[in-house]
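Single-structure report; data block below.
The values are calculated or read from the model by the stated rules, or taken from the named source; none is laboratory data. Bear in mind the structure is a predicted one, so any value in this text is a computation, not a measurement. So basically every Cβ, Gly included, is an ideal-geometry build from the backbone, and we count neighbours across all protein chains shown. Surface accessibility is based on the protein's heavy atoms, side chains included, excluding ligands, DNA and RNA. Shrake-Rupley method; radii C 1.70, N 1.55, O 1.52, S 1.80 Å.
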Amino acid sequence: MARATDAAPHGTADVAIVGGGIMGCSVALRLAEAGMRVVVIDRGGIGGGASGVNAGTLSLQIKRLSLMPYAIRAAEHWAEMSARLGADVKFRQSGGLNLAFTEAEEAQLVTDMTARREAGLPISFLDLPAARAREPGLSDHVRRASFCPLDGYSNPSLTGRAFRKALTARGVAMIEHDPVLGIEAGDGGYTLRLQSGNVRARRLVLAAGAWTRASVLQLGVDLPIGARVNQMMVTERAPALMNGVLGHISGLMSLKQSDNGTIIIGGGWQGEGAVGEPGRPVMDNLTNNLRFATLAMPALAPLRIVRTWYGYDGFVPDFLPVVGVLPWLREAYVIACVRGGYTIGPCMGDLLAASILGEEPALPLFDPARVATRVNTPVPA
Amino acid sequence: MCADLTADLVVLGGGPAGGHAALAASGAGLDVVLVDEGAAPGGQVWRAPGVAVSNHAALGPDHRAGEALRAALTASKVRVLAGHRAWLLQAGFTVHAAAADGAARLQAPALLLAPGTTERVIPFPGWTLPGVMGLAGATALLKGNRMLPGRKVVVAGAGPLLVAVAASILKGGGTVAAVVDLGSMPEWLRGVPAMLGRPDLILRGLGWRALLLRHGVPYLTRHAVLRAEGDNGVASVTVAPVDGDGAFEPGGNARRFEVDALLVGHGLVPASEAARSLGARHLHVPALGGWVPELDGLGRSSIAGLYIAGDGAGVRGAAAAALAGAQAGLAVAHDLGRIDAARHTAEQAPLAARVARAARFGRAMAALVRIRPGLIAAIPPEATICRCEDVTRAEIEAAFDEGARQIGQLKAWTRCGMGPCQGRFCGPTIEALAAQRGIAAEAFGPMVARPPLRPMPIGTLTGDFDPAALTLPPSLPSS
Ligand SMILES: Cc1cc2nc3c(=O)[nH]c(=O)nc-3n(C[C@H](O)[C@H](O)[C@H](O)COP(=O)(O)OP(=O)(O)OC[C@H]3O[C@@H](n4cnc5c(N)ncnc54)[C@H](O)[C@@H]3O)c2cc1C
Ligand SMILES: Cc1cc2nc3c(=O)[nH]c(=O)nc-3n(C[C@H](O)[C@H](O)[C@H](O)COP(=O)(O)OP(=O)(O)OC[C@H]3O[C@@H](n4cnc5c(N)ncnc54)[C@H](O)[C@@H]3O)c2cc1C
């Protein structure tokens with residue numbers, strides 16, 4: 001673990017990245033490969049935020065239609081992730097099903113998934129027997145399913161370890177367990193105040209996940225970022241019950257069996273809590289999340305839940321990503337609020353890095369200016 | 001079926017601490033609900049014998065204390081929910097518990113936690129073999145079911161439980177091949193001044209020792225288990241001399257015992273996860289067993305309305321637990337305005353001196369079970385540390401080598417602590433391995449406590465439900 005005072009041993013870093021989640025790390029990786037001197041700072045360990053505690057579902061068909069090109073590109077990143085990082089992130093391209101239980105849901109499934117097919121995603125529609133051929137544990141509640149062979153999953157617990165290894169190998173300085181307390185814009189760039197000292201950098205990337213609003217405010221800019229408190233649960237190890245990832249057209253189901261046999265249950269059901277503290281369960285949501293999961297897979301009922309947990313995911317009112325240059329500042333960038341950001345993060349990070357390097361990104365960014373306002377006085381943390 | 005109960009106070013745990021807390025609070029006029037996952041109140045040391053046990057007179061003073069507690073609870077207005085496992089605690093307070101035949105939701109403005117301890121076992125090669133059992137688990141078998149954990153056993157580890165368990169085995173008709181104690185006679189003697197306050201316990205301890213002598217059981221001080229071996233279960237145990245730090249003496253004379261069980265324990269660790277799941281502030285106090293809640297003298301935690309008593313607040317032994325429970329129960333009654341300050345002070349007064357004396361005894365015992373760095377260092381790389389997830393010491397050390405500095409990182413990178421026990425058993429060992437790297441417990445942190453407090457079947461949590469009546473929250477935009 002580097003200390004702030006030796007993070008930029010040759011003076012000023014080319015780029016300081018606040019937040020070592022999948023966004024910050026993806027940007028860092030590409031910039032370091034391009035030869036920049038990069039420092040990544042995290043208040044916790046690298047990959048200890050949403051990127052380390054999410055469901056790990058890499059499902060393309062459940063992503064927003066407007067993000068399809070990004071999701072498809074991201075799948076290519078994931079296919080080579082372990083090789084690129086030099087560490088196994090347990091990526092599995094298992095294929096995935098998205099379910100409809102009711103007639104109305106079936107209609108929506110057909111509309112939404114046809115649109116995704118037209119956007120270039122390989123999708124087929126399956127009736128219950130065909131869906132059961134892939135996922136034998138499905139219940140009679142299932143009327144129809146869409147199947148995407150590119151869907152899969154990986155193990156988010158390993159995000160931090162794997163990116164740390166890759167960033168270390170590329171000479172990126174990492175300062176962990178050290179929150180950025182203040183940021184000042186100066187002539188030659190930015191000064192970041194940490195507990196252990198100051199870090200100076202010519203460019204700044206704010207990638208602080210659900211915490212990003214506080215960092216941006218330190219620069220006198222406000223982004224209306226809220227936080228969702230996503231609930232997750234995991235069972236004890238079970239015999240083989242599932243083959244791939246399972247979702248539902250409502251977006252409220254995320255099921256998979258990991259390599260070691262545990263079943264990971266999510267779906268964006270909400271707990272309560274404020275960013276930075278451990279989230280807490282909302283009883284009805286906890287129960288209904290499980291009820292909804294057993295509707296699809298009745299064989300889950302006897303399995304024991306060993307843990308529930310919560311992670312914070314940032315969003316802005318239009319629920320679209322905020323990725324690009326921060327208005328009113330020089331060479332300060334933000335990358336946040338990417339829904340399904342674990343899947344799409346590697347692609348978004350790559351696109352932002354390209355733009356920082358002065359290249360034309362292969363796909364358009366998501367201009368932060370659309371939601372940004374100026375505040376008079378920067379707000380210290 | 002979900003029973004909804006409201007009360008002035010919910011007490012979690014019906015051992016000496018929780019039982020006496022409930023009685024004190026009820027005696028002061030509070031409406032109290034007591035939850036315990038056991039079949040009857042009593043807790044670890046005052047456990048109720050199972051139905052198969054007929055000769056109750058032979059069960060000794062702990063049994064009598066337990067019977068007295070159970071009788072007092074029956075005679076009181078305390079509502080006892082035995083066989084109920086508390087799995088989720090919510091602020092304010094709501095306790096969600098599950099039983100074989102349904103669920104219960106308990107609500108009260110005050111919550112008193114008395115969850116006791118979990119046993120610490122420092123790993124050694126073979127410690128995960130069938131037939132290797134904790135001293136606490138063995139006691140539960142002996143007391144609850146009068147079952148011998150093995151016909152011929154080695155009892156190993158540290159602290160006062162060694163002789164207690166060995167004596168119970170002998171009384172139950174089993175054979176003890178040896179008692180293997182990390183501590184030395186001088187260490188035991190150092191505790192004597194503190195023990196003098198409890199002549200009854202000294203006498204009982206001496207009685208146990210005499211029994212061991214009569215049976216010719218070798219008592220090996222400054223020894224530890226080198227390894228346990230066997231094909232389908234433990235068949236032999238090899239022990240060797242250690243120094244005061246628990247490090248094996250180079251060239252020490254190893255001895256091998258053929259047995260069918262090994263009972264081993266290296267001390268007790270407060271079960272702090274319930275209090276931590278509510279966000280109560282904790283401190284790391286090795287002399288009390290590890291992470292303990294920050295409390296005032298009467299069991300009040302950093303959260304208003306949350307009280308903690310007994311070994312779950314720091315290991316001091318059963319006598320201190322019962323007294324601390326009574327203190328906390330009275331404090332609740334006072335804080336809820338049921339007894340005035342004068343009565344509160346008057347009733348607390350006799351408890352304070354007794355609890356100090358009892359705690360002194362408990363602390364002297366705790367010194368015997370301190371973690372010995374030499375024993376930690378001796379854990380071989382291939383030994384399993386986390387048995388739920390099969391994580392070895394080598395894997396944990398590799399994570400430290402790669403830069404893990406907090407328990408959360410270590411968990412994520414290796415899966416240690418992610419299984420059904422949620423780190424209750426491996427946590428203390430991992431903390432000790434971190435300490436060997438110079439990482440302070442405070443920086444390393446305890447494992448974050450999250451519900452459920454015990455593994456819970458999904459079917460129990462969902463209950464029976466009508467799929468058509470399931471209401472879904474609104475979806476996020478899809479286009
Ligand atoms: C429970 C849950 C389940 C999810 N499931 C999925 C899924 O299955 N599939 C999917 O694609 N997406 C999923 N997501 C979304 C996805 O996890 C996130 O979109 C993505 O991880 C966000 O990455 P990030 O790098 O922006 O944020 P984070 O990973 O949260 O990283 C931000 C980092 O910034 C650090 N930081 C914050 N403030 C400071 C400061 N002042 N100084 C220093 N460091 C700071 C934090 O410590 C943190 O490490 C889920 C999200 C959650 C919460
Ligand atoms: C093998 C062994 C022998 C011992 N012998 C002695 C001895 O001889 N003398 C002595 O002074 N001390 C002895 N002790 C220590 C003694 O057990 C404790 O000091 C004493 O039991 C502490 O009382 P307590 O009320 O704090 O906890 P406990 O007696 O452990 O009671 C805790 C209770 O909480 C319940 N509980 C915990 N979590 C939940 C939950 N989530 N839901 C529902 N119920 C829950 C448990 O079922 C248990 O009944 C011994 C301990 C062990 C392990």
Segment B:379-444: spread of alpha-carbon positions along the three principal axes, whole Å, largest first, is 27, 22, 18
What are the semi-axes of the equivalent ellipsoid for the protein assembly as shown, taken as the square roots of 5 times the Cα gyration tensor eigenvalues, largest first, in whole Å?
51, 31, 28
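Please state, rounded to one decimal and in Å, the Kirkwood hydrodynamic radius that segment B:121-266 gives when every pair of distinct Cα atoms enters the mean of 1/r. Kindly include the intermediate steps, with their values, before the conclusion.
On the way: mean 1/r = 0.0650 Å⁻¹.
It works out to 15.4 Å.
At R0 = 60 Å, how high is the FRET efficiency between A:Glu105 and A:Asn198 if r is their beta carbon distance? Nearest 0.05 is fine. Before the final figure, lay out the partial values.
Numbers: r = 54 Å, r/R0 = 0.91.
The pair A:Glu105/A:Asn198 has a calculated efficiency of 0.65.
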Average Cα contact separation per residue, segment B:379-444, under 8 Å, 6 or more apart, as relative contact order %:
30
Once R0 is set to 41 Å, what does the formula 1/(1 + (r/R0)^6) return for the Cβ-Cβ distance between B:Ala91 and B:Lys152, expressed as a FRET efficiency to the nearest 0.05?
0.20
If you wrap a convex hull around the alpha carbons of chain B, what volume per residue comes out, as a whole number of Å³?
176
Would you grab the residues whose amide H sits under 5 Å from the one on A:Arg37? Only those 5+ places off in sequence or on another chain, please, with H modelled 1.01 Å from N.
A:Asp14, A:Val15
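Other chains' Cβ within 10 Å of A:156-169 residues: what's the mean? It would help to have the intermediate numbers written out before the result.
Values: counts 1, 8, 3, 1, 6, 8, 1, 0, 5, 2, 0, 0, 2, 0.
Taking all residues of A:156-169 together, the mean is 3.
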Over the C-alpha atoms of chain A, what are the Rg and the largest Cα-to-Cα span, Dmax, in Å?
20.9, 66
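Mind checking the mean number of beta-carbon atoms from other chains within 10 Å of the Cβ atoms in A:85-95?
The mean count of partner-chain Cβ atoms within 10 Å per residue comes to 0.
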Setting aside same-chain residues fewer than 8 positions from A:Lys63, which lysines have a Cα under 20 Å from its Cα?
A:Lys256
Relative contact order [Cα under 8 Å, 6+ residues apart], segment B:1-157, whole percent:
30
Coil-residue GluC sites (Glu not before Pro) of segment A:80-177, DSSP, other Cβ within 10 Å capped at 13
A:Glu80
Could you work out which residue, out of A:Ala16, A:Ala75, A:Ala130, moves most in a Gaussian network model of chain A, that is, has the largest mean-square fluctuation with Cα springs under 10 Å?
A:Ala130
Förster radius 60 Å - calculated FRET efficiency between A:Val375 and B:Arg214 (Cβ-Cβ, nearest 0.05):
0.15
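When only Cα pairs under 8 Å and 6 or more residues apart are kept, what is the percent relative contact order across chain A?
Reported relative contact order: 23 percent.
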What distance in nm lies between label points placed 7 Å from Cα along the C-beta direction at A:Glu331 and A:Asp127?
6.3
With x for Gly and Pro, the residue-by-residue ³J(HN,Hα) of segment B:206-221, computed from phi through the Karplus equation 6.51 cos²θ - 1.76 cosθ + 1.60 at θ = phi - 60° and given in whole Hz, is 5, x, 4, 4, 4, 4, 4, 4, 4, 7, x, 7, x, 10, 9, 7
Run down the lysines and flag those whose C-alpha is under 21 Å from the C-alpha of B:Lys152, throwing out any fewer than 8 positions away in its chain.
B:Lys143, B:Lys171
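Using the Cα centre of segment B:262-372 as the reference point, and only Cβ charges (+1 on K/R, -1 on D/E), how large is the resulting charge dipole? Debye, rounded to the nearest 20. It would help to have the intermediate numbers written out before the result.
Working: 12 positive and 7 negative charges, 80 e Å.
So the dipole magnitude of segment B:262-372 works out to roughly 380 debye.
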Roughly how many nanometres apart are two label points built 7 Å out from the Cα toward the Cβ at B:Ala254 and A:Ala240?
4.1
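Considering only protein heavy atoms and a probe of 1.4 Å, how much of the accessible area of chain B is carbon and sulfur, as a whole percent? Kindly include the intermediate steps, with their values, before the conclusion.
Numbers: 10910 of 18980 Å².
The computed percentage sits at 57.
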Integer Hz, Karplus 6.51/-1.76/1.60 couplings in order for segment A:252-268, x for Gly and Pro
9, 9, 8, 10, 6, 10, 7, 4, 7, x, 6, 9, 9, 10, x, x, x
What average count of beta carbons from other chains do you get within 10 Å of the Cβ of residues in A:244-254?
2
Using a simple spin-label model with points 7 Å from Cα along the Cα→Cβ vector, what separation in nm is obtained for B:Leu470 and A:Leu181?
4.9
